[in-house]
1. I'm trying to understand the selection: among the residues of the stretch 280-300, which are under 18 Å from F379 (Cβ atoms), more than 13 Å from the chain's Cα centre (by Cα) and buried (at least 24 other Cβ atoms within 10 Å of the Cβ)?
2. Suppose we filter the stretch 326-362 for residues that are part of a helix (DSSP H, G or I) and not hydroxyl-bearing (S, T, Y); how many remain?
3. Could you please give the count of residues in the stretch 165-191 that are more than 25 Å from K257 (Cα to Cα) and touching a Lys or Arg at 6+ places or on another chain (Cβ under 7 Å)?
4. If you check T353, T303, which single one turns out to be under 17 Å from the mean Cα position of the chain (by Cα), buried (at least 22 other Cβ atoms within 10 Å of the Cβ) and among the hydroxyl-bearing types (S, T, Y)?
5. Is one or more of the residues making up the stretch 177-188 under 30 Å from K389 (Cα atoms) and either at pLDDT 90 or above or hydrophobic (A, V, I, L, M, F, W, C) (or both)?
6. Would you be able to say whether some residue in the stretch 122-139 is touching a Pro at 6+ places or on another chain (Cβ under 7 Å), closer than 28 Å to G334 by Cα, in contact (Cβ under 8 Å) with a residue 24 or more places away in the chain and not in a strand (DSSP E or B)?
7. If you take the residues in the stretch 235-260 that are in contact with a helix residue (DSSP H, G or I) (Cβ under 8 Å, 6 or more places away or on another chain) and outside any helix (DSSP H, G or I), which one is surrounded by the most Cβ atoms within 10 Å (Cβ to Cβ)?
8. Name the single residue that is modelled with the highest pLDDT among those in the stretch 212-223 being out of contact with any helix residue (DSSP H, G or I) (no Cβ under 7 Å at 6 or more places or on another chain) and in a loop (DSSP other than H, G, I, E, B).
Amino acid sequence: MDGSPVWRLYIFKAGKLQSRTTAVPETRAATMIRFAICDHSRSVLSTTSRAVSKDAPSTTGSLASAVVPSRCKRDYNTTLALRTARSPSKPESLKGAGFRPRTVETQAQEEGGERLQIQLEAVLDEEKMTALFAWVSRAFAGDGRYGDLMPAFAAVFGNLPSDHYISELLVEALAVLPPEELPAGEPYSTYEREQHSLGAMGAGQWTGQFITRPHALLDVRDFTSVQDWSKGLNRGARRTLKKASDQNFTVTVRPIKGGEPAPHSSLAHFRAVVSHEVRLLAATPEDFFGALQQGIGRYLGTTRMAGEIREYRNAEGRVIAFAHEVRKGRVIRGQWFYADDEAARSYVWFHATQELVRRAIEAEDVDVVDLGPSGSDDFTTLKGRYGFKNVEDWPAQADYLGPFWYAEKSQMEDGAGWLNRFLGVRE
């Protein structure tokens, strides 16, 4: 840990953790990280930022917000208060991210017991990634002992004694760690997968419940081929697509089936999701653990939805990225895209976008490609270079009112396809 930003965490040598916020100087800002993991994989993770006094500057802002599902049987809630201070240098995994090194102090307390001070290192390597997945997979399997991310971070990123009960929990989780590419998610039914997909697709707006963010749309009805689309792009965009096509990766289509774990609910895909979120969100050490919990929440979200994934592997056969697509009505939605650092350097997003446009043009019943809302103005601009327009009243152009589409009937287990039957569509 020499020279790396660290977090100081106070826990207890035995007993159940119950956290409360540390006192923070008025000139400092605190990032509050709240975690709620429910029984039976009903997981909701949210991050908010607030200043601890009216004179304290705010931090980088809210990273995520979610609502606990009503069917959660029980919540496990933890709050960490992060206090910024100077630290000598950046961790290797965050070098070049454009931030000043920090040390963050946090404290967790319970009534009675002896406190134990540990340090948390804001560095994500292969060993820590595997250990984090081991912990999370036990929580998603319904083991309530793993339903709190605070001890998970202490076990994975801290210098806990090996005989501490939290360390022993991690050892136990690692002992039953699923193989690298074995799907380990919950076998949601088609009914559940379709329902979980609607929110991220923006159903709140097309059903008239509320207004969502603008979506990036591309109307493909005037194109006869993907070449028609690409020739209308500027020279730089065409050059980037050429570079993407020249990369040495393979792409495999993997349908998400009802009644089975999602094909991307594995350590290999978890690695891509978490690496993606940390790369994008951990611009400062204060953001590191928020980015981790965001990645975990995103992993849960994509593995509970319908559709199919396009899985990208490098020349060694390692999963480096995946694109999650859902087709409904007359729209193909690029629902999610996650890539590790290697994929980010290999133009995978550009390849995935080009192939999505190609399939939409070639499909008989698709009018629009929807890449959804953008997390930043820069990403909105990037999509615009490839012909996607940022549209506020996007349901007027993207017709989502038809059924979900499945390439294989086997994606729907017996008795599923509820929305198709409701709409009178023959399966």
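The values are calculated or read from the model by the stated rules, or taken from the named source; none is laboratory data. As the structure is a computational prediction, the values presented were derived from the model and not from experiment. For neighbour counting, all protein chains shown are included, and Cβ atoms are generated from backbone atoms with ideal geometry for every residue, glycine included.
1. A282, D287
2. 19
3. 2
4. Result of the check over T353, T303: T303.
5. no
6. Yes - at least one qualifying residue is present in the stretch 122-139.
7. Only one residue tops the list, namely I256.
8. So, considering only residues that are out of contact with any helix residue (DSSP H, G or I) (no Cβ under 7 Å at 6 or more places or on another chain) and in a loop (DSSP other than H, G, I, E, B), the one modelled with the highest pLDDT is R221.
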